[in-house]
Amino acid sequence: TEAQRLAEAADLDLLALGRVVRHTDAVTGGPGAIMHRETTAPLDEDDFWWAVFDHVRALGEKDLTYAIELAAALGIEVPLARLARANLAQGLGLQP
């Protein structure tokens, strides 16, 4: 995967990274943790989930930006990370 290629290029231990990812998923609920809505329609700003998902968006965009910048510095292509960053807000139901 892109994340593994980037981690390897940054001289990270891939098995240790896997343990961190699995631990984080266990603590946060993993990718399914954001699946609490009955629809994929855009959220209104007064919706309870707006603030929650806006926080998720801010953290996700920050992390993806750091990964993209590191990849550029290491000469690694990360098109899926770029796509995820570009579409994260809309995917969470936040209006562009």
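The values are calculated or read from the model by the stated rules, or taken from the named source; none is laboratory data. These numbers come from a predicted model, not from an experiment. Positions of Cβ are generated from backbone atoms using ideal geometry, with glycine treated the same way; all protein chains shown enter the neighbour counts.
Worth pointing out:
- Within the range 44-57, being among the aliphatic types (A, V, I, L, M) and exposed (fewer than 14 other Cβ atoms within 10 Å of the Cβ) holds for one residue alone: Ala51.
- Taken together, Arg37, Arg19, Arg57 contain a single residue that is at pLDDT below 90 and of a type outside the set (Gly, Ala, Ser), which is Arg37.
- Residues that are within 13 Å of the chain's Cα centre (by Cα) and either in a loop (DSSP other than H, G, I, E, B) or not small (Gly, Ala, Ser) (or both) within the range 29-60 comprise Pro31, Ile34, Phe53, Asp54, His55, Val56, Arg57, Leu59, listed in sequence order.
- Test for Ala89: is it touching a Pro at 6+ places or on another chain (Cβ under 9 Å) and under 29 Å from Ala9 (Cα atoms): yes
- Verdict on Gly60 being farther than 19 Å from Val21 by Cα and surrounded by 14 or more Cβ atoms within 10 Å (Cβ to Cβ): no
- Inter-residue pairs, beta-carbon under 8 Å, first among the charged types (D, E, K, R) and in the range 22-50, second assigned to a helix (DSSP H, G or I), 6+ apart: Asp25/Pro31; Arg37/Trp49; Asp44/Trp50
- Taken together, the criteria exclude Leu17 from residues that are under 24 Å from Ala89 (Cβ atoms) and assigned to a helix (DSSP H, G or I).
- Considered as a group, the residues in the range 66-96 that are in contact (Cβ under 8 Å) with a residue 40 or more places away in the chain and buried (at least 17 other Cβ atoms within 10 Å of the Cβ) include one that is farthest from Leu43 (Cα to Cα), and that residue is Ile76.
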